[in-house]
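Please read the structure below before turning to the comments.
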Amino acid sequence: MALLEIVGVSKRFIAEGKQMEALKEVSLSIDEREFVCFIGPSGCGKTTLLRIVAGLVEPSSGWVSLDGQPITGPGPERGMVFQEYSLFPWRNVLENVGFGLELKGMDRPSREALSRQYIEMVGLERFEQRFPHELSGGMKQRVAIARALVNEPRAILMDEPFGALDAQTRNTMQTELLRIWSDKRKTVLFVTHSVDEAIYLADTIIIMSARPGRIKDRIEINIPRPRVRTSPEVNGIRDRILQDLRSEMED
Ligand SMILES: Nc1ncnc2c1ncn2[C@@H]1O[C@H](COP(=O)(O)OP(=O)(O)OP(=O)(O)O)[C@@H](O)[C@H]1O
Ligand SMILES: [Mg+2]
């Protein structure tokens, strides 16, 4: 059985008195450990879809289930990492990472011990006493990833997590994320605007159409990792996706 089932999900919003359809009948099964990237024109509903899976937004119709259980709200089995660095500015790295454990009522020594494992995993062991304003963008996103993973979620939902980073840091973060993913074997739903990033990371790329957002194409990437960004196979897939996206802009 798939870990996540997205079944006939539509979402309508009322904006300025008019109804608009952000998502239309999106259906998708995602397996345990699958790395799925979503790509599509701005406004096609990628963030909305992720927020529905997170349980932060309710679909107008359709449903999402995790392990056969319908999703009705946020839960610790789904960790989120956003584009904006959503750390607490008044908490240091150790306290940011341990936030979810604190909510669960875990005592301080256990919380700190577990948080330290994840801080080490993202390579920030020397920075656990630092505050967010003392960290670079890449470091802040590492903290956000550690904070999502420390709760041992089944799935991690990432909305353009590296969008604000420079190209060099972004490449490093992609490689780091793959290392963590292959180690922890989490299911990942990852939204990006970068075709190259999607091809470097994903098992499956979902291409979405412009408003209302639907699934336009689904591409399985069977190239072994680490992938060479300029290999002929990668170039071939890039051409196909760019063509898909171009036809979407022209429609
Ligand atoms: N709370 C809301 N109320 C009204 N309209 C909304 C709301 N949230 C999203 N929308 C609209 O739904 C559509 C999809 O938005 P969404 O943020 O999901 O797009 P996106 O694919 O993530 O875009 P981007 O690539 O720019 O991040 C947009 O037209 C947006 O204006
Ligand atoms: Mg978005």
Notebook entry, point to check: Is one or more of the residues making up the range 95-116 surrounded by 17 or more Cβ atoms within 10 Å (Cβ to Cβ) and under 30 Å from residue 246 (Cα atoms)?
Noted result: no
Note to self: Name the single residue that is nearest to the chain's Cα centre (by Cα) among those in the range 157-181 being part of a loop (DSSP other than H, G, I, E, B) and away from ligand 2 (no atom under 16 Å from the Cβ).
What the structure shows: 165
Next item on the list: Pull up the range 182-199, narrow it to residues that are open to solvent by less than 20 Å² (accessible area, probe 1.4 Å) and over 13 Å from the mean Cα position of the chain (by Cα), then point me to the one that is nearest to ligand 2 (Cβ to nearest atom).
Entry: 195
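Are there helices (runs of 4 or more DSSP H) fully within the range 41-140 with at least 2 residues that are within 15 Å of ligand 1 (Cβ to nearest atom) and within 21 Å of the chain's Cα centre (by Cα)? List them. Quick ask: steps written out before the conclusion?
Numbers: elements: 46-54, 93-97, 99-103, 108-121.
Once the helices (runs of 4 or more DSSP H) in the range 41-140 are filtered for at least 2 residues that are within 15 Å of ligand 1 (Cβ to nearest atom) and within 21 Å of the chain's Cα centre (by Cα), what remains is 46-54.
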Check: So residue 14 clears everything in (1) over 25 Å from residue 207 (Cβ atoms); (2) in contact (Cβ under 8 Å) with a residue 24 or more places away in the chain; (3) within 16 Å of ligand 1 (Cβ to nearest atom) except one condition, right? Which one?
Finding: (2)
Item checked: Answer residue from the range 68-94, given it is open to solvent by 50 Å² or more (accessible area, probe 1.4 Å) and polar (S, T, N, Q) and is nearest to residue 194 (Cα to Cα) among those -> 83
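Can you name the residue in the range 36-67 that is of a type in the set (D, E, K, R) and either crowded, with 17+ Cβ neighbours inside 10 Å or touching a residue at least 24 places away in the same chain (Cβ under 8 Å) (or both) and is also nearest to ligand 2 (Cβ to nearest atom) among such residues?
From the range 36-67, those of a type in the set (D, E, K, R) are 46, 51, 58, 67; that's our starting set.
Within this subset, residues satisfying the condition of being either crowded, with 17+ Cβ neighbours inside 10 Å or touching a residue at least 24 places away in the same chain (Cβ under 8 Å) (or both) are 46, 51, 67.
Numbers: 46: 5, 51: 9, 67: 26 Å.
For the range 36-67, the residue satisfying everything is 46.
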Checklist line | Residue list for the range 204-245, filter: within 18 Å of the chain's Cα centre (by Cα) and open to solvent by 40 Å² or more (accessible area, probe 1.4 Å) | finding: 215, 218, 220
Note to self: Only one of 24, 11 is modelled with pLDDT of 95 or more and out of contact with any Asp or Glu (no Cβ under 9 Å at 6 or more places or on another chain). Can you tell me which?
What the structure shows: 24
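The values are calculated or read from the model by the stated rules, or taken from the named source; none is laboratory data. Everything numeric here is computed off the predicted structure, so don't read it as measured data. Cβ atoms come from the backbone with ideal geometry, glycine included; neighbour counts cover every protein chain shown. What goes into the accessible areas is simple: the full protein's heavy atoms, side chains included, and nothing from ligands, DNA or RNA. Shrake-Rupley method; radii C 1.70, N 1.55, O 1.52, S 1.80 Å.
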